[in-house]
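Novice: Have a look at this one.
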Amino acid sequence: MDDMYGSDEEYYDGEYEDDYDRDPEPESDDDLSCGKAPSCRVIRKESLLAAQKEDLQRVVDLLSLKEHHARTLLIHYQWDVDKVFAIFVERGKERLYVEAGITLEEQNDNPSSDPSTEYTCEICFEDFPDEQTTLMECNHRFCNDCWTEYFIVKINDGKSRRVTCMAQKCKAICDEGKIRDLVTAKDPNLAEKFDRFILESYIEDNKRVKWCPSVPHCGNAIRVEDDEYCEVECACGQQFCFNCSCELHSPCSCVMWDLWLKKCDDEEPTVNWLLEKTKHCPKCHKIVEKDGGCNLVRCICGQPFCWLCGEATGFEHTWNSISGHTCGRYKENRLKSEDSVEDYWRLTHYYSRYKAHIDSLKIEASESKKIILDKVHSLEANLEAKEFQLKDFSWAMSGFHRLALSRRVVACSYPFAYYYFGDLFANEITKEEREIKQNLFEDQQQQLETNIERLSMFLEEPFGNYAEDKLVETRMKIITLSIVTDDLCKNLYECIDNDLLVPLQQATHTIVRYRSNGVEKASEL
């Protein structure tokens, strides 16, 4: 405990002195300041058609197709224009069309033929004049009534994006224009539903477009231009992981986060009660209930131990620390005689620290932000009265944003550690390798955690009432700690990505890349 608030130089040194006089990098909505186009865009209801048309036009121009054929291609290949082009180059146009169900044969429809000619519908086996039948591009003709009933069933079943021909073994996709005309004559409302399904296929079938998961739903979708492993912010303010549509969880992978949420749902009530009320004695393993405020407790067997981590200690202690004892690293040699007790220790260790940071994040977002803004407004209101040379106070809110971003990162690093150093990769990592990697990871994690708490401590100071010399000193510390925590976050991500995940060759555990400016806000299409 005594190392949490050590000297100012403990985790940052002279290499950052040049940064005292500059503010942290300003927050930006995207990477345009770096000359890079925005990598995600928000698609509203009114811009959905334009977004779809943009991709359709690329395919139409390259392959000289009709629009409905281009849409059929893109729906089949999940609106991946690059994949369509790649298959066109590698396999040729004919293979590309066959796989997507597109038929470009010349129809046997002769406009100059006798209109009195009748055709037998092979579905209902009745004869109909030419105008009461419809010929599809695959040269299969059926009566309008049979086509219409078939299309209505497909639309009502939600299978109207790729409606295949009724003919046996024919995999050709029907012309959406003819579907629309036939259904409109019978049920205009259902035709509108068909059009909506066709339009929304751009989102439902597109791996680079996702609905915003906001509740209630804002009606927006987000399109990413590059990597789908990213975290984005919708125009409505909802932030989420694009790959899994869950809340922000990096540097924890989507697979691990899903496991963690299920684990928390199953175990949270029990874990919360055990965390609040009991601990196991490290000597006799009996349940000990805490009935006082001091974190040094003693079992009925006489063994003193730390209430925070459960390790045996001596009796000598102060308000801030227990002599000869620190806790913050998970140690796996506890209670190995019983696997169930070991699992309890692991879960409570990681869950308690995860929850502590999440709770702090919520408090800082709801209360601390307002307090800091009040302090900044107080300084700005008294500028003339105090005759400060310091005029810009944006460093305070920049420090707060850095605190929130870093707090979330360190919180989500605990679920990652729970699974990575648990049984998830037991067959891929030897015990010796795991110990080395765990020490490397926890060194990075502990440095980040310590500097986050230091940054939080300085932001909580009543600097709104400080004299200018003390205000400048506080400003320097907040700016420097903001830079340090940013660097440490980056180091933690690199450690996880390069040192822990890459050697495993586990594509299912890809993590989002770190962004110093935080979650990217989607720009308007």
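The values are calculated or read from the model by the stated rules, or taken from the named source; none is laboratory data. Computed from a prediction, not measured in an experiment: that's the story for all the values here. Neighbour counts are summed over all protein chains in view; Cβ atoms, including those assigned to glycine, are modelled from backbone coordinates with ideal geometry. With ligands, DNA and RNA removed, areas are computed over all heavy atoms of the protein, side chains included. Shrake-Rupley method; radii C 1.70, N 1.55, O 1.52, S 1.80 Å.
Novice: So, in the range 468-495, how many residues would count as being in contact (Cβ under 8 Å) with a residue 12 or more places away in the chain, of a type in the set (Asp, Glu) and within 14 Å of residue 402 (Cβ to Cβ)?
Specialist: Result for the range 468-495: 1.
Novice: Does any residue of the range 483-497 turn out to be over 26 Å from residue 238 (Cβ atoms) and of a type in the set (Val, Ile, Thr)?
Specialist: yes
Novice: Within the range 63-87, can you find the residues that are open to solvent by 30 Å² or more (accessible area, probe 1.4 Å), part of a helix (DSSP H, G or I), touching a Lys or Arg at 6+ places or on another chain (Cβ under 9 Å) and not charged (D, E, K, R)?
Specialist: Taking the range 63-87 first, the residues open to solvent by 30 Å² or more (accessible area, probe 1.4 Å) are 64, 66-67, 76, 78, 80, 82-83, 85-86.
Narrowing the set further to residues that are part of a helix (DSSP H, G or I) leaves 67, 76, 82-83, 85-86.
Restricting the remaining residues to those that are touching a Lys or Arg at 6+ places or on another chain (Cβ under 9 Å) gives 67, 76, 85.
The answer is 76, 85.
Novice: Might you let me know whether the range 490-498 holds any residue that is touching a helix residue (DSSP H, G or I) at 6+ places or on another chain (Cβ under 6 Å) and open to solvent by 40 Å² or more (accessible area, probe 1.4 Å)? Quick ask: steps written out before the conclusion?
Specialist: As a first pass, look at the range 490-498 and keep what is touching a helix residue (DSSP H, G or I) at 6+ places or on another chain (Cβ under 6 Å): 491-492, 495.
Filter once more, keeping what is open to solvent by 40 Å² or more (accessible area, probe 1.4 Å): 491.
Yes, the range 490-498 has at least one match.
Novice: Would you call residue 380 open to solvent by 20 Å² or more (accessible area, probe 1.4 Å) and under 30 Å from the mean Cα position of the chain (by Cα)? Even if it seems obvious, please write down each step before you answer.
Specialist: Values: open to solvent by 20 Å² or more (accessible area, probe 1.4 Å): yes; under 30 Å from the mean Cα position of the chain (by Cα): no.
In short, no.
Novice: Against the condition open to solvent by 80 Å² or more (accessible area, probe 1.4 Å) and either farther than 18 Å from residue 191 by Cα or of a type in the set (Val, Ile, Thr) (or both), how does residue 149 come out, does it pass?
Specialist: On the way: open to solvent by 80 Å² or more (accessible area, probe 1.4 Å): yes; either farther than 18 Å from residue 191 by Cα or of a type in the set (Val, Ile, Thr) (or both): no.
No; evaluated as a whole, the condition is false for this residue.
Novice: Quick check, is residue 465 within 24 Å of residue 226 (Cβ to Cβ), touching a residue at least 24 places away in the same chain (Cβ under 8 Å), surrounded by fewer than 19 Cβ atoms within 10 Å (Cβ to Cβ) and of a type outside the set (Val, Ile, Thr)? It would help to see each step written out before you state the result.
Specialist: Working: within 24 Å of residue 226 (Cβ to Cβ): no; touching a residue at least 24 places away in the same chain (Cβ under 8 Å): yes; surrounded by fewer than 19 Cβ atoms within 10 Å (Cβ to Cβ): yes; of a type outside the set (Val, Ile, Thr): yes.
No; evaluated as a whole, the condition is false for this residue.
Novice: Another question about this same structure. Within the set of pairs 6+ apart or on separate chains, which have a first residue in the range 433-445 that is part of a helix (DSSP H, G or I), a second that is open to solvent by 40 Å² or more (accessible area, probe 1.4 Å) and polar (S, T, N, Q), and C-beta atoms under 7 Å apart?
Specialist: That search, which allows pairs on different chains as well, returns 444/491.
Novice: Taking residue 444 as the residue in question, decide whether it is under 30 Å from the mean Cα position of the chain (by Cα), farther than 16 Å from residue 398 by Cβ and open to solvent by 30 Å² or more (accessible area, probe 1.4 Å). Write out each step before concluding.
Specialist: Numbers: under 30 Å from the mean Cα position of the chain (by Cα): yes; farther than 16 Å from residue 398 by Cβ: yes; open to solvent by 30 Å² or more (accessible area, probe 1.4 Å): yes.
Yes; evaluated as a whole, the condition is true for this residue.
Novice: Oh, and also: Among the residues of the range 499-520, what is the count of those that are open to solvent by 50 Å² or more (accessible area, probe 1.4 Å), at pLDDT 90 or above and either of a type in the set (Gly, Ala, Ser) or assigned to a loop (DSSP other than H, G, I, E, B) (or both)?
Specialist: 1
Novice: Within the range 342-365, work out how many residues are among the β-branched types (Val, Ile, Thr) and within 18 Å of residue 448 (Cα to Cα). Write out each step before concluding.
Specialist: Start the filter on the range 342-365 by keeping residues that are among the β-branched types (Val, Ile, Thr), which leaves 348, 358, 363.
If we keep only those that are within 18 Å of residue 448 (Cα to Cα) as well, we get 358.
Count: 1.
Novice: Provide a single number: the residues in the range 123-144 that are open to solvent by 50 Å² or more (accessible area, probe 1.4 Å) and either modelled with pLDDT of 95 or more or assigned to a strand (DSSP E or B) (or both).
Specialist: Counting residues in the range 123-144 that are open to solvent by 50 Å² or more (accessible area, probe 1.4 Å) and either modelled with pLDDT of 95 or more or assigned to a strand (DSSP E or B) (or both) gives 1.
Novice: Out of everything in the range 90-122 that is modelled with pLDDT of 85 or more, open to solvent by less than 50 Å² (accessible area, probe 1.4 Å) and in a loop (DSSP other than H, G, I, E, B), what residue ends up being farthest from residue 147 (Cα to Cα)?
Specialist: Narrowing the range 90-122 to residues modelled with pLDDT of 85 or more: 90-102, 118-122.
Filter again for open to solvent by less than 50 Å² (accessible area, probe 1.4 Å), leaving 92, 96-97, 100-102, 121.
Narrowing further to those that are in a loop (DSSP other than H, G, I, E, B): 92, 101-102, 121.
Numbers: 92: 32, 101: 18, 102: 19, 121: 10 Å.
Looking at residues that are modelled with pLDDT of 85 or more, open to solvent by less than 50 Å² (accessible area, probe 1.4 Å) and in a loop (DSSP other than H, G, I, E, B), I get 92.
Novice: Also, I was wondering about something else. Looking for whichever is under 16 Å from residue 523 (Cβ atoms) and of a type outside the set (Asp, Glu) here; the options are 241, 236, 254. Which one fits? Full working, then the answer.
Specialist: Working: 241 fails: under 16 Å from residue 523 (Cβ atoms); 254 fails: under 16 Å from residue 523 (Cβ atoms).
That would be 236, the only listed residue that is under 16 Å from residue 523 (Cβ atoms) and of a type outside the set (Asp, Glu).
Novice: Answer yes or no as to whether residue 311 is within 24 Å of residue 350 (Cβ to Cβ), exposed (fewer than 13 other Cβ atoms within 10 Å of the Cβ) and at pLDDT 75 or above.
Specialist: Details: within 24 Å of residue 350 (Cβ to Cβ): yes; exposed (fewer than 13 other Cβ atoms within 10 Å of the Cβ): no; at pLDDT 75 or above: yes.
No; evaluated as a whole, the condition is false for this residue.
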